[in-house]
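Bear in mind these aren't lab numbers, they're just calculated from the coordinates by the rules spelled out. Since the model is a prediction, treat every value here as computed from it, not as a measurement. Cβ sites come from the backbone with ideal geometry, for glycine too, and all protein chains shown count toward neighbours.
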Amino acid sequence: MPPQRSRARSTHRSRTPAWTWWVVAAVVVVAVVVGVLVQQSRSGTEQATVRRPTSAVGPNKGSLVGQASAPVTITEYGDFQCPVCARLHEAWSPTIDQLVQQGRARFEFVALAFLDQGTTESLRSAAASVCAADAGKFLEYENVLYTNQSSTENSGFLTNQRLVTFGADAGITDPAFATCVDTGRFDGWVQQQTDAASRRGVTGTPTVLINGRQISNSAAADPAQLTALVDQASK
Amino acid sequence: MRASDTLTPPRLPARWWPWCSTVARFVLAGVWAWAGIAKLGDPDAAVRAVRAYEILPESLVKPFAWGLPFVELGLAVLLLVGLATRPAAWASVALLLMFMAGTVSAWWRNLQIDCGCFGGGGQASADAARYLRDLGRDGLLLALAVLVAVGSASRLAVDNVTRT
């Protein structure tokens, strides 16, 4: 019935005074302003002191291994806490080693901090791998990190002490390596690289590229397919 | 007979609806608080998660990623205490519809991302089940938000005090 209806509407209106809309609008505006100010000051990427490593000479500013004359570059965006990355490493590293030794391909590794959850294990291990690259032992160190990966992410496994010990396992003798790891020399660099990768559209690890073009992880993990793709790219 | 059909069923609900609205408010407040706090931990992961949707222009990615958790916390507080309840519920409806649109859009474009709803960097191998789960959850929350927005005024709310 019409009269009842209009009464219901007017009660409803009196229940939501206009000022309550302004309250919500104000809360939203204040929240965004506060959020930007607070989170900007807490962002590692914004606050990072970036030191450029001498080894970062890959086309995507990653650590680069192999002969300059090699016609193909295989790039991996990886996180040392990422289980799929460790499985890929196991599957393809003999092929990668072979392709690099034969001068058919160079291997570039862009170490990212994607999987930290308020922790710094991805960040510090990635930065340590850059220290190892500067010490000329990237592949060895990568191998030690991936083969000794903890089964649980962010469990506190990758302490600086362990990262330094892994360096010795990889054959790094230069004492500068331990300093590089302990002082987090390349933390800022890794944060910058992680942000840059995200801007380039890398949303997951591992992401594999051959001469800048992404290939599927399953193709990368299959030696025959990987070799075929490298040969195809070198023509 | 006809009269009893129409009269008896609404009688009980009439008393219970305000409490349903109260419960819905608390559930929504809890989810917003959880979602907001989870996104606070890693500002850089929040930026990556928003960027992974490939919807917003780069200039808006950071304001969105950093403002969103605080907006969620603001709505959580309003809904918890019951201040500006209906507008806060409508804002929740708008936010949830936006999230659902983002999810559908990512699914449509076959993006391999995690929603980043409760923190994280938006990275995962997403599949249909995951997208459906996210949409289902958002749909349930949407129903609660609509209930609070248009239903009976809820009990245990600051609004009830300020009105008098």
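Some notes on this structure:
- Reachable aspartates and glutamates, given that their alpha-carbon falls under 17 Å from the alpha-carbon of residue A:61 and they are not under 8 places away in the same chain: A:76, A:79, A:108, A:134, A:142, A:187, A:195
- Cβ distances below 4.7 Å define possible disulfide partners, and in chain B the cysteines left without one are B:20.
- Descending principal axes extents, the stretch A:94-150, alpha-carbon based, whole Å: 42, 21, 17
- Cα radius of gyration and Dmax for chain A (Å): 24.7, 90
- Taking max minus min of the alpha-carbon positions on each principal axis, chain B gives extents of 59, 38, 21 Å, largest first.
- Fraction of antiparallel bridges per DSSP, the protein assembly as shown only, in percent to nearest 5: 60
- Here is the short version for chain A: each Cys has another Cys C-beta closer than 4.7 Å.
- Placing pseudo-labels 7 Å out from each Cα toward the beta carbon at residue A:102 and residue A:21 gives an inter-label distance of 7.1 nm.
- From the Kirkwood radius over Cα pairs of the stretch A:32-109, Stokes-Einstein at 20 °C and 1.002 mPa s returns a whole-number translational diffusion coefficient of 142 µm²/s.
- The Cα trace of the protein assembly as shown gives Rg and Dmax of 26.8, 94 Å, the first to one decimal, the second as a whole number.
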